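Read the structure below first, then the notes.
A short reminder: the numbers here are calculations on the coordinates, not readings from a lab. The shown structure was predicted, so the numbers you read here are calculated from the model rather than taken from an experiment. Positions of Cβ are backbone-derived with ideal geometry, glycine not excepted, and every protein chain shown enters the neighbour counts.
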C-alpha cells in the first residue's frame with residue numbers, strides 16, 4: 001500500500017455538477033451566436049500588470065535551437081483582442097489561466113476562466129448579459145449595481161475618488177491596518193486593502209453585486225470615462241465574499257495601451273520586479289483597429305463553488321496544486 | 001533569528017509581533033484579480049494567549065521568534081518559582097507566576113508538562129490534558145443521589161475548584177480535563 005495522495009480533490013459527484021454547469025454556459029453562448037475560440041496558453045509576451053506574476057518556459061525545437069522564451073497566459077485577453085481586431089465578431093473562450101504566487105482557499109495557480117467579448121456593447125450592456133448568465137447558473141435574483149464610489153462610501157464613509165493619501169492612511173489605521181498604512185505610499189494599495197477587507201463583506205451577500213466605475217488609476221485595460229475622468233469603464237462582480245469577474249469597456253487606443261504597459265514596466269523596474277516584454281502584437285492589432293467592445297473574464301471555479309456551496313476552490317477542482 | 005516572508009507563513013510558525021512572540025494559527029491569501037495581494041493571518045500571542053487577526057502585504061517579511069516547546073516533569077514550587085526537570089538530562093528550569101498563569105492549579109508532581117521557551121526562558125506551561133487530583137473539601141452529598149443534577153463544587157489538593165457529581169466525597173481522587181477544567185471521572 002502506498003501513501004501517495006492520488007485521489008481527486010473534488011468528489012466525483014461535484015465534478016458531474018461541474019460538467020453540467022460548463023455545458024450550460026456553452027449553450028448560453030451558442031444560443032446567442034457567440035463563437036467559441038481557442039487561443040494559445042503559451043505566448044511570447046505577457047501581462048505587465050505589476051500585481052500579476054507569470055510562469056515562463058522555453059520552446060526548443062525547429063527554428064528555435066537557442067530556445068524561444070514563452071509565458072503561460074494569465075488570461076486569454078490579448079489573443080482574443082487580436083481576433084476581434086481581425087473581425088471575429090462576438091467570441092467566448094473557456095480555458096485555463098495561470099498565475100504564479102497565488103494559492104489559497106479562493107486561488108489555485110492554474111484555474112479555469114470564461115472570457116467573452118461583445119463588439120458594440122458598453123459595460124452596462126455586458127453587465128445585463130452577465131446578469132442573465134448568473135441567474136441561469138446560480139438561480140439568483142437579478143444583481144444589484146453600485147458605483148465603486150457608492151460602495152466605498154456606504155461601507156466606510158470616505159470618498160475614494162477625492163480622499164488624499166493621508167486620509168486613506170488614517171482610515172486604514174482606524175480599520176486595524178496601522179502597520180500597512182504607516183509605510184504605504186500608493187493610494188491604490190490602500191484602496192485595494194480597504195475594498196477587499198472592509199467593503200467586499202458589505203456587498204453582494206443576498207444577490208450578486210456589480211461594482212462599476214472603478215478609479216481611473218485602477219483602469220487596467222479599460223477606457224477612461226468621458227463624462228468623469230476620475231473613473232474607468234471597469235466593473236467587477238461580487239457575490240458572497242467572492243470576487244467573481246472583472247470586465248472592461250475596452251481601451252481601443254493602441255498608443256494609450258502601450259503607454260500604460262510602459263508605465264507598468266517602469267514601476268516594475270523601480271520596485272525590483274522582473275520586467276515583462278510588452279505584447280507588441282496586441283499593440284499592433286489595436287493600432288490596426290479594435291472595434292468598440294466590452295469584455296469580461298469570470299472565474300469558473302469560484303462560480304462552481306458558489307453554485308455548489310463549497311468553501312474551498314480545491315473542493316471543485318479535479319486536482320488542486322497540492323495533488324497536481 | 002531568521003526572517004520569514006509571507007509565502008512561508010503556515011500554522012505553527014513562530015514570529016515576532018509588537019515585540020512579543022506569536023504563533024500563526026491560520027494564514028489566508030486575499031488578492032483582488034487586479035491589485036495588491038494581502039495575507040490575512042490569525043495569530044496567538046504566546047505570552048498572553050490572546051488571539052488576534054493581522055493583515056500583511058504579501059511579500060513582506062517578519063522576524064522569526066526563537067520559541068521552542070520542551071517536555072519537562074514538574075518537581076515542586078518554592079512559592080515564587082515552579083521547578084521542572086528534563087527526565088533525560090536532569091537539567092532543571094524554573095518558571096515564574098507569569099508563565100504559569102492559571103495553570104499552577106493543575107500541576108501534579110512528576111507529571112510531564114509542555115514548557116514553551118522564548119530565547120531560553122519559560123513563557124508558558126501547558127499541563128497534561130488530564131490530571132488526577134484528590135478532593136480535600138466538598139459538601140457531603142445526599143445518599144443515593146446519582147450524576148446529572150448539576151453537582152457541587154469540590155476543592156482539590158492544589159486549590160483548584162471543580163464541579164463534581166454529588167456522590168463524590170472528600171479523600172477521593174478524580175480525573176480532570178485541564179483544558180476545560182471539567183470533572184471526567186473518579187479514579188479507583
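Residues that are away from chain B (no Cβ under 14 Å) and over 15 Å from the mean Cα position of the chain (by Cα) within region A:93-125 comprise A:118, A:119, A:120, A:121, A:122, A:124, A:125, listed in sequence order. Once region A:153-188 is narrowed to residues that are within 14 Å of chain B (Cβ to nearest Cβ) and outside any helix (DSSP H, G or I), the residue that is surrounded by the most Cβ atoms within 10 Å (Cβ to Cβ) is A:160. For region A:172-182, a residue qualifies if it is farther than 16 Å from residue B:52 by Cβ and within 27 Å of the chain's Cα centre (by Cα), and the qualifying residues are A:172, A:181.
Taken over region A:256-295, the criterion of being under 18 Å from residue A:52 (Cα atoms), touching a residue at least 24 places away in the same chain (Cβ under 8 Å) and touching a strand residue (DSSP E or B) at 6+ places or on another chain (Cβ under 9 Å) is satisfied by A:273, A:276, A:277, A:279. Report whether or not residue B:88 is surrounded by fewer than 16 Cβ atoms within 10 Å (Cβ to Cβ), touching a helix residue (DSSP H, G or I) at 6+ places or on another chain (Cβ under 9 Å) and not in a strand (DSSP E or B). Taking the combined requirement at face value, the residue does not satisfy it.
Being surrounded by 14 or more Cβ atoms within 10 Å (Cβ to Cβ), in contact with a strand residue (DSSP E or B) (Cβ under 9 Å, 6 or more places away or on another chain) and touching a residue at least 12 places away in the same chain (Cβ under 8 Å) is a property that residue A:72 has.
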